[in-house]
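What follows is a set of notes on a single structure, which appears directly below.
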Amino acid sequence: MPTILFIYGWKFYFYSNESLEPIHIHVQKGDAEAKFWLLIDEIEVIEAFSYNFTVANKREVKKIIYQHFDIIIDAWITHFLKPNNGASS
């Protein structure tokens, strides 16, 4: 479970067994957690689910994801598509 970012107490991470899913990021802070899909072509962030998130939490997290969109995408590609992890390109 690689952590990609840790900003304002929010932890942004992947689960290593989710390589067959579209690009997404998990987010957690305290007992609040969520998952967001990242649509590369549209440069869009879509909520997959959230638990114990306020509207303000969602707004803050989506802003962070947009600000670091390329970093998250690059980290996903490196983690799931690098030659030495056994995944096919």
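List of remarks:
- Residue check for Lys62: touching a Gly at 6+ places or on another chain (Cβ under 7 Å), in contact (Cβ under 8 Å) with a residue 12 or more places away in the chain and surrounded by 13 or more Cβ atoms within 10 Å (Cβ to Cβ): no
- Restricting attention to the stretch 59-79, the residues that are modelled with pLDDT under 95 and either over 13 Å from the mean Cα position of the chain (by Cα) or not in a helix (DSSP H, G or I) (or both) total 1.
- Extreme residue, farthest from His79 (Cα to Cα), among residues of the stretch 34-58 that are buried (at least 16 other Cβ atoms within 10 Å of the Cβ) and under 14 Å from the mean Cα position of the chain (by Cα): Lys58
- Residues in the stretch 16-33 that are among the small types (Gly, Ala, Ser) and surrounded by fewer than 16 Cβ atoms within 10 Å (Cβ to Cβ) were compared, and the one that is farthest from Ile4 (Cα to Cα) is Gly30.
- Cross-chain or 6+ apart pairs with Cβ under 9 Å, the stretch 4-26 first and farther than 13 Å from Ile71 by Cβ and of a type in the set (A, V, I, L, M, F, W, C), then part of a strand (DSSP E or B) and at pLDDT 95 or above: Trp10/Val27; Trp10/Gln28; Trp10/Lys29; Trp10/Ala32
The values are calculated or read from the model by the stated rules, or taken from the named source; none is laboratory data. These figures come from a predicted structure and were not determined experimentally. Methodologically, a virtual Cβ is constructed for each residue, glycine included, from the backbone with ideal geometry; neighbour enumeration extends over all protein chains shown.
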